Amino acid sequence: MTKILSHIIVIYKFVFITIVFIALTSLVTGQEPDNNRDSVLIRKGEYFLVGDSIIYIPGDSIRFLEQQILSPIDSSKLKRSRSFYDSLRIKAGKYEWTRELYNWLFTSAPAGIYDEKTSKSEQEFVKHEGKIIRNVRILELDVFGPVIRDTSIIDTAWISRTLNKIHIKTRERYIRNNLIIERGDEVNPYVLADNERIIRNLPYIEDARIILIPVSDEIVDVLVITKDKFSLGLDLQFYDINSGKLEIFDKNIIGIGHEMKAKLFFNYDTVPSRGYEGVYKIDNIRGSFIKGILNYKNAFNTESIGINLSRKFFTPYTKYAGGINITNTSTYEDLDTLPGPTPFIYNYQDYWLGRSFMLNYASRSRLIVSGRFLFNNIYERPEIDEDSYYDLHNFQLYLGSIAFSRQKYYKSSLIYNYGTTEDIPYGMLLEFTGGYEDNEFYNRYYTGVTFSHGNYYEKLGYLHTTIGFAGFLSGHQYRQGLFHLKSSYFTNLFPFRNYHIRQFIVLDYTIGIRRFEDEQINISNKNGIRGLSSDSLSGTHRLTMSLETVAFSPFYAYGFRFAFYGFTDFGFIGSNKYNIFRNDLYSAIGVGLRIRNERLVFKTFQIRLAFYPRLPVDFSKQFIHISGERLFDPRDFDVNAPGILEFR
């Protein structure tokens, strides 16, 4: 009881101090009035300023523009969704307390689930190709209430109004920092689609849409509509009764696009029993598209400080990308070959630079040449040998790559998110990587090749496949090599009454070649059989398959959407010396519920119930599992820093 009370006191102090800091920061800076900011909500029959022109919109803004410029929305699905809430509202109105509960939980006009038809990202802009952009205007919607596809929705719940007042919207100039279009540019459909995606991918933005408003046959105005997420959040995890982690963060401090994260670790079975970590991140430094991260950690005999600056090939037209990562760490490693934890101090440095050459604008084909230098300098460590603990080796690694990439995007919804627009990449990537390692134990060469391909098939769905082979060439044989094949597939969206259903299939095969003795892969949890953990479920040869059926429900409670799912996981694990099918088959069968509010920055919350037909001797299982879940992003065909294909 004393330990539990101590947990509560520590967490309370940490939350209180952090909230006071954020509140004081908000009071000092305030929400400055912006006379140039557009109305946060365009109501029906309202005049709207676009550039220097005043236009009268006879209905909801987006509905009007879509009817006049884009394709109309199929409102039948929305009506079916809202009929559920109309019925619920009538029943709740019989009693005062149920009426108040309904008003507290639900918006006055729930948005329903939009089944957005899968279409190419640039499709909406093609008809305006070549026209001149006269003005670029930005419209920012409230976090709680209107949505991108229906700005007429008004959230009347008192808590929504309160949170909207607390939230500081992203300041307009910081949204403009993420624009790659400007006045006087010609309309390029691909550039506009890329810019829409760039804004949508910001961690503090729920959704974004770019709409072109024709002024004449040669001129258009650009309307950029954005919707923030409520940027404050927390994540509390208990690993057991004596240990856990509390994380508090603000992903959009005072509306300038900066993120601050504070973590408190506690484990009363260790000395010291508490630790902390702080992270400060800027997604786009002064419009340069350079991301900066500064972090410091001091927890359980580990102290580290690091800085990371990186710039991606954020569009196919980006010529240069690169990054710098420097980390100093002092810790104690508990190696299996030693009786107890030993000191370990090192400095890790990572530098890379890439240049992209556009080969074909129509197909967006590129040739990318990149170079990278990694330096691992160990100041203090236990005695090790050349065939173990590669991360503890002193080495200098020089890598170079040449890649051919072709990438475009589809827009869809109800895939990994719960109603917001999602960008699905399609195209291909072929990359050759080579390098030289100057290691304290040996000098050797590295070679690797990866091929990825993905496409959406109108009647079948989306299929993505990656194949990779890599390793170090030492003498006349490969060391630390591997072959990896992964294929992911999901079907089109199938309507069933008021539900929308998708089927997901993932196949993963990995085999290691002359790996170090301490290098193992497993089929535990996210690596194969969800909810099942065991030290014996490891090896150098793995085959897993996951089948999952997801039913996106029409239920909508105060911004929270619900998806029911059923799953089956299969997995084999063993030595690369034998046929993978000679090993025991492990599996899991289960059902679950995922809950997500797209307006918040929290992880997806899930409840899972599973059954395991076969269990290893040293198993640890979770028949019932309640946790947060990170959103899965489909792998794209962009080129990043040349790297070693990971064995994991």
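The values are calculated or read from the model by the stated rules, or taken from the named source; none is laboratory data. Keep in mind it's a predicted model, so treat the numbers as computed, not measured. Note that we place each Cβ from the backbone using ideal geometry, even for glycine, and neighbour counts take in every protein chain shown.
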Would you check if Ile521 is among the β-branched types (Val, Ile, Thr), at pLDDT 90 or above, over 21 Å from Leu485 (Cβ atoms) and in contact with a strand residue (DSSP E or B) (Cβ under 8 Å, 6 or more places away or on another chain)? no
Given (1) of a type outside the set (S, T, N, Q); (2) touching a strand residue (DSSP E or B) at 6+ places or on another chain (Cβ under 6 Å); (3) without any contact (Cβ under 8 Å) to a residue 40 or more places away in the chain, index of the condition Asp221 fails: (3)
Search region 254-298 for residues being touching a strand residue (DSSP E or B) at 6+ places or on another chain (Cβ under 9 Å), modelled with pLDDT of 90 or more and of a type in the set (Gly, Ala, Ser), and hand back the single one that is farthest from Leu179 (Cα to Cα). Gly275
When the residues of region 337-390 are narrowed to those that are surrounded by 13 or more Cβ atoms within 10 Å (Cβ to Cβ) and either among the small types (Gly, Ala, Ser) or in contact with a Cys (Cβ under 8 Å, 6 or more places away or on another chain) (or both), which ends up nearest to Ser304 (Cα to Cα)? Ser388
Go through region 275-334 and give me each residue that's assigned to a loop (DSSP other than H, G, I, E, B) and among the hydroxyl-bearing types (Ser, Thr, Tyr). Ser288, Thr315, Tyr317, Thr318
Output the strands (runs of 3 or more DSSP E) that fall wholly within region 481-578 and possess 1 or more residues being farther than 24 Å from Ser413 by Cα and of a type in the set (Asp, Glu), or say none. 499-513, 560-574
Looking at region 286-313 only, could you name the residues that are more than 17 Å from Glu259 (Cβ to Cβ) and either in the same structural domain as Leu429 (by TED's automatic domain parsing) or out of contact with any Lys or Arg (no Cβ under 9 Å at 6 or more places or on another chain) (or both)? Asn298, Asn301, Thr302
Exactly one of Tyr410, Tyr445 is among the aromatic types (Phe, Trp, Tyr), assigned to a strand (DSSP E or B) and within 20 Å of the chain's Cα centre (by Cα), and that one is Tyr410
If a residue has to be part of a strand (DSSP E or B) and either free of Cβ contacts under 8 Å to residues at least 40 places away in the same chain or hydrophobic (A, V, I, L, M, F, W, C) (or both) to count, how many in region 427-442 make the cut? 6
When you go through (1) modelled with pLDDT of 90 or more; (2) over 24 Å from the mean Cα position of the chain (by Cα); (3) not acidic (Asp, Glu) one by one for Gly592, which number turns out not to apply? (2)
Return the residues of region 368-407 that are in a strand (DSSP E or B), modelled with pLDDT under 90 and under 14 Å from Tyr442 (Cα atoms); say none if nothing qualifies. none
Considering region 176-190 alone, what residues qualify as being surrounded by 15 or more Cβ atoms within 10 Å (Cβ to Cβ) and under 18 Å from Asn284 (Cα atoms)? Asn177, Asn178, Leu179, Ile180, Ile181
Conditions (1) over 28 Å from Asp194 (Cβ atoms); (2) within 26 Å of the chain's Cα centre (by Cα): number failed by Asn377: (2)
Are there any pairs with C-beta distances below 8 angstrom linking a residue in region 450-469 that is in contact (Cβ under 8 Å) with a residue 60 or more places away in the chain to a residue that is part of a strand (DSSP E or B) and of a type in the set (Asp, Glu), with the two at least 6 apart or on different chains, and if so which? Thr450/Glu431
Quick check on my filter: what residues within region 229-274 are part of a loop (DSSP other than H, G, I, E, B), among the charged types (D, E, K, R) and surrounded by fewer than 19 Cβ atoms within 10 Å (Cβ to Cβ)? Asp269
Quick one: is Ile415 outside any loop (DSSP other than H, G, I, E, B), touching a residue at least 24 places away in the same chain (Cβ under 8 Å) and not small (Gly, Ala, Ser)? no
What's the total number of residues in region 212-227 that are of a type in the set (Val, Ile, Thr), in a strand (DSSP E or B) and surrounded by fewer than 20 Cβ atoms within 10 Å (Cβ to Cβ)? 1
Which residue is nearest to the chain's Cα centre (by Cα), if the candidates are limited to region 466-479 and must be crowded, with 16+ Cβ neighbours inside 10 Å and at pLDDT 90 or above? Thr466
Could you list, in sequence order, the residues of region 506-552 that are more than 23 Å from Ile644 (Cα to Cα) and of a type in the set (Lys, Arg)? Arg530
State whether one or more residues within region 153-162 are of a type in the set (Lys, Arg) and either assigned by TED's automatic domain parsing to the domain that holds Ser413 or touching a residue at least 24 places away in the same chain (Cβ under 8 Å) (or both). no
